[in-house]
Amino acid sequence: MYNNNNSSSTPSSSASSEAGDGRSTLFNPGEPLRQPRTSPPVSDGSTDSRVSPVLSNVGHNSSSAADALVKNSKLSAAAPEFVPGCYASFQDDAYSEESEGCYAEASLADLVQDFVSHLNSSPGSFESEIEYITDTLNSWVTTEEILQELVELIYVQSTSIPNFAYTGARLCNHLSHRIRLTPPSGNFRQLLLQRCQTEYEQREQAVRGDPETQKKFHSYVLFLGELYLNLEVKSGKGTPERANILLGALKNLLNTLFSHPDDPNLMCAVKLLKLSGSILDDTWKEKGQSDMKEIIKKIEEILLDAKCSRDVRQMLLKLVELQSSNWGRVHTAAVSSDATPDNDPNYFMNEPTFYTADGTPFTAADPEYSDKYQEILDREDYFPDAYEENGNESFNDDDDDEMDPEIEEAFEKFCMESDARRKK
């Protein structure tokens, strides 16, 4: 058995004691049993003599340090949420003081952009969607400033989006009769014409500007041509008429383009005359004016004197030929109810004109129309880079500038006729 007076007895002596006394136990009855490591220590008021005094004071010192930390801390549970400086919260815009919902309300510019994109991608839905578009815009346009903003947005979209000039002109015509707000500065149509007037007054600078400025000016010219064909103004007789103010503007724009006869300006003039030449010609004739003859005379002078490219020269020759044939129209027509391709020359009048690879024109009236049209489609598939977005062939300025024999012959004939007229 252990000797209480000598706690440093050797193992050999302990072993001999246990061997001598079979009633002795392995544990000293005077020592408490060690608690399991997974259970908290039992607090019975006694202190294990084997525990260091320093360790016995750890709990007390930790409690004192925690109390001191709480008393001296400047942290607060009511402090605002901490957000790092590099973190941009998306909720700042969504939950602003001016917004009522989770997301900011769409602006008029976003609304017009959506409508224009839809009409541009699906122009056939114009008739079915225009009433909804008009009602929505009427709910937005409540002040003069908003109306001016709407006019500017539609004008910019109509002159900047490719191939949207026609649909934009139709949209302007419909809104000019349907937008209810009419402030002292003018209604929708009047504000639109004022915006076009602003661009019109800058024509001399734009026609001589850089390529980007010229491109914007040409888009404006073609939009004005579409606007003249589609914008209807109520007359005193009760029947809608075209805006006569645009008639004089188009004539002056053509003169401006011909006064600076470089290729882009001449191509824009040809496109405008192909678009509206027949209507302009008829209107001037009804008024007893010879404005179209003056325009054709200027084209003839450009063909003789100007240094335009081969392709532009061909376009001008075709335009003169088109005008001399009354813009491709034939006045002797059968009764519409009895009209057939055999007895009515105007049966295919509204059909588009195409050109084969060698420049031969053909329409739906051509017996070989299907074969020739398929040939064009195949050619576009095989050479997609040779065509622009509108389907016209794009020409390279580096190509040989020599005329084709057929074009050269037509040009020589034209020069001879011009000389004969001058001698007379």
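Brief remarks follow.
- Look at region 122-150: where a residue is touching a residue at least 24 places away in the same chain (Cβ under 8 Å) and open to solvent by 80 Å² or more (accessible area, probe 1.4 Å), no partner that is in a helix (DSSP H, G or I) and of a type outside the set (A, V, I, L, M) sits 6+ places away or on another chain with Cβ atoms under 7 Å.
- Some residue of region 107-127 being modelled with pLDDT of 70 or more, closer than 26 Å to GLU145 by Cβ, in a loop (DSSP other than H, G, I, E, B) and not hydroxyl-bearing (Ser, Thr, Tyr): no
- Looking across region 281-298, just one residue is surrounded by 14 or more Cβ atoms within 10 Å (Cβ to Cβ) and basic (Lys, Arg), and that is LYS298.
- Taken together, the residues in region 251-266 that are under 31 Å from the mean Cα position of the chain (by Cα) and closer than 20 Å to ASP281 by Cα amount to 5.
- For region 246-266, filtering for residues that are surrounded by fewer than 18 Cβ atoms within 10 Å (Cβ to Cβ) and not in a helix (DSSP H, G or I) leaves 2.
- The residues on offer are LYS271, LYS215, and the sole one that is out of contact with any Cys (no Cβ under 7 Å at 6 or more places or on another chain), more than 23 Å from GLU300 (Cα to Cα) and of a type in the set (D, E, K, R) is LYS215.
Residues checked against (1) modelled with pLDDT of 95 or more; (2) closer than 22 Å to SER276 by Cβ; (3) open to solvent by 70 Å² or more (accessible area, probe 1.4 Å):
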{"position": "THR159", "(1), (2), (3)": "yes, yes, no"}
{"position": "ARG170", "(1), (2), (3)": "yes, yes, no"}
{"position": "PRO183", "(1), (2), (3)": "no, no, no"}
{"position": "LEU192", "(1), (2), (3)": "yes, yes, no"}
{"position": "GLU201", "(1), (2), (3)": "yes, yes, yes"}
{"position": "GLY209", "(1), (2), (3)": "no, no, no"}
{"position": "PHE223", "(1), (2), (3)": "yes, yes, no"}
{"position": "TYR228", "(1), (2), (3)": "yes, yes, no"}
{"position": "GLU232", "(1), (2), (3)": "no, yes, yes"}
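- For first residues located in region 160-176 and at positive phi, partners that are open to solvent by 10 Å² or more (accessible area, probe 1.4 Å) and not hydrophobic (A, V, I, L, M, F, W, C) and lie 6+ apart or on another chain with Cβ distances below 8 Å form the pairs ASN163/ASN120; ASN163/GLU389; ASN163/ASN390.
- Options ALA243, ALA306, ALA269: the member that is open to solvent by less than 50 Å² (accessible area, probe 1.4 Å), modelled with pLDDT of 95 or more and of a type in the set (Gly, Ala, Ser): ALA269
- LYS216 being touching a strand residue (DSSP E or B) at 6+ places or on another chain (Cβ under 7 Å), of a type outside the set (Phe, Trp, Tyr) and open to solvent by 80 Å² or more (accessible area, probe 1.4 Å): no
The values are calculated or read from the model by the stated rules, or taken from the named source; none is laboratory data. Everything numeric here is computed off the predicted structure, so don't read it as measured data. Quick reminder, even Gly has a Cβ in these numbers, built from the backbone with ideal geometry, and neighbours come from all protein chains shown. The accessibility values were calculated without ligands, DNA or RNA, using every heavy atom of the protein model including side chains. Shrake-Rupley method; radii C 1.70, N 1.55, O 1.52, S 1.80 Å.
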